[in-house]
1. For the range 172-274, take the convex hull of the Cα atoms, compute a quarter of its surface area, and give me that in nm², please.
2. Once Lys and Arg get +1 and Asp and Glu get -1 on their Cβ, which of Ala197, His246, Asn167 lies farthest toward the positive end of the dipole of the range 103-271?
3. Can you run phi through the Karplus equation (6.51, -1.76, 1.60; θ = phi - 60°) for the range 259-273 and list ³J(HN,Hα) in whole Hz, with x for Gly and Pro?
4. Restricting to the range 103-271, compute how many DSSP beta bridges are antiparallel as a %, nearest 5.
5. Calculate, in nm to one decimal, what Arg133 and Lys162 gain on full extension: separation in residues at 0.36 nm each, minus their alpha carbon distance.
6. How far apart, in nm, are the 7 Å Cα→Cβ label points at Thr257 and Lys104?
7. Please state, to two decimals, what the Cα-based radius of gyration of the range 103-271 comes to when divided by 2.2 N^0.38 Å (N = residues).
8. Let's test the formula: R0 of 22 Å, r as the Cβ-Cβ distance of Glu97 and Arg211. What FRET efficiency results, to the nearest 0.05?
Amino acid sequence: MAGHPSTRTSLALLLTLAAVACTAPPAQPAAMTTPSKPDPPHDAHPRHDALPPGFHAQEHELAGELAQPAADHRPSGHHKHHRFDRAEEWVAQFDAEDRAAWQKPDEVIAALGLAPNTTVADLGAGTGYFAVRLARAVPKGRVYAQDLEPDMVRYLGERAVKEGLANVTAVQGLANDPKLPGAVDLAIMVDSYHHIADPTAFFGKLREQLRPGATLVIVDFKKDVPEDAPGPPAAMRVADEIVAAHLRKLGYVHDRTDLTLLPYQYLVVMRRPV
């Protein structure tokens, strides 16, 4: 039986559309896109191979890069991130009688020209090798014996009491903040600069805790000494000019560098501007 003309027309149209649907290529899903990040400035990440040979991990900061952790250099008893806990076990090494022959603590303190009422911070004081001597050099002053290790801080406090040094205050510091309880006239760091993981943060915060015109003295190991000399392996040593340049970058003024007082170490003397 023949259908109505309009029915035949609709049927034909449906068949045509079905045919087109069967022959057309399948639709492709929309591509996933991730917003692109803007390229960093051309000099934002300096290449490591562009740094001078022998650059210490901390020295990368002078090229605009955060300091990277140093490798473990243990053969000479040094490790950048070593935990100096169990203080009594370190006394034999830190306070060894033969250390005075090359460390010359009395000569170093004499070179500081301390007045009796000076307020001093001994940064990384350890077992107090310098702190107790500094305390006797400033009988009317104050010595903040600062360290990062809680057990060293405990030992420093107990040693001060035992030796009758009422002008010594043991201070618990942080890796990025000395946490000195008051402003100081002079801060000294002996044999510890090469252990500082983030010198920019540490010495930047220290600058705020120095009085205007105050002195910062860094005593650390020369790079060009024999391998059997006291101190860390050559890979962990930081050249005196790098120390001075780094501290200048943080707003300190370079006063002088002494390369002659000690056989294996330098003294870099900086000041906070007045």
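Each reported figure results from applying straightforward, stated rules to the coordinates on display, with no laboratory input. Just so it is clear, the model here is predicted, and its values are computed rather than measured. Ideal geometry is used to build each Cβ from the backbone, glycine not excepted, and the neighbour counts take in all protein chains shown.
1. One quarter of the hull surface, i.e. the mean projection, equals 6.3 nm².
2. Final value for the positive-end residue is Asn167.
3. Couplings: 10, 10, 5, 10, x, 10, 9, 10, 10, 9, 10, 10, 9, 7, x Hz.
4. Rounded to the nearest five, the antiparallel share is 40 percent.
5. 9.0 nm
6. In this crude label model, Thr257 to Lys104 measures out at 1.8 nm.
7. That ratio works out to 0.97.
8. Taking R0 as 22 Å, the efficiency between Glu97 and Arg211 is 0.05.
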